[in-house]
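Following: one structure in structure tokens, then a few remarks.
The values are calculated or read from the model by the stated rules, or taken from the named source; none is laboratory data. What you are looking at is a predicted structure, and each value in this text was computed from that prediction instead of being measured. With ideal geometry, Cβ positions are generated from the backbone for all residues, glycine too; neighbour counts draw on all protein chains shown. Surface areas here come from the heavy atoms of the whole protein model, side chains and all, with no ligands, DNA or RNA. Shrake-Rupley method; radii C 1.70, N 1.55, O 1.52, S 1.80 Å.
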Amino acid sequence: MESLYSVAMQSERRLPRISPREFSEFQVHLDLDGITLFGKLGNISEEGLCFLGEDDLLSDEIESSVIGTIVWANGTKRLFFEGKVMWTQTSKIKGIVYHLAGIRFSQKMNLTDSLLARSLEIK
């Protein structure tokens, strides 16, 4: 089994990403200037996450601040965050076109002890 260090080095990232086994189990709600966007969790690290939305509403919002919530376990568990939209792109995943956005957290999150990290698998 590879160490987290080698996985991080192979992908040239400072911190490993954690990806959910199935996107449908994790929802992400983003509040952008009073508008709430609903999407799925693509992946997450201590520094940020990838938001998967069905609408292209974030492409003009680079550097905009957002407040968000990750919701899982049928809505019984929530993780709140604040961050900034860093990038956007369109991608096809499992045959569905998604509009992706990279969100950088305002403060690093400690995912190693959270219930969210226990619910996800490291890739």
Residue ID - nearest to the chain's Cα centre (by Cα), chosen from residues in segment 25-43 that are among the charged types (D, E, K, R) and in a strand (DSSP E or B):
Lys40
Every pair of residues 6+ apart whose Cβ atoms lie under 7 Å, when the first sits in segment 43-54 and is open to solvent by 10 Å² or more (accessible area, probe 1.4 Å) while the second is at pLDDT 90 or above and part of a loop (DSSP other than H, G, I, E, B):
Glu46/Lys108; Glu47/Lys108
Within segment 73-86, how many residues are of a type in the set (Gly, Ala, Ser) and crowded, with 17+ Cβ neighbours inside 10 Å?
1
Glu46 fails exactly one of (1) part of a strand (DSSP E or B); (2) of a type in the set (D, E, K, R); (3) closer than 18 Å to Gln107 by Cβ, namely (1)
So is Thr69 within 15 Å of the chain's Cα centre (by Cα) and closer than 20 Å to Leu111 by Cα or not?
yes
Is there any pair with a first residue in segment 56-72 that is open to solvent by less than 50 Å² (accessible area, probe 1.4 Å) and a second that is part of a loop (DSSP other than H, G, I, E, B) whose Cβ atoms are under 6 Å apart and which are 6 or more apart or on different chains, and what are they?
Trp72/Phe26
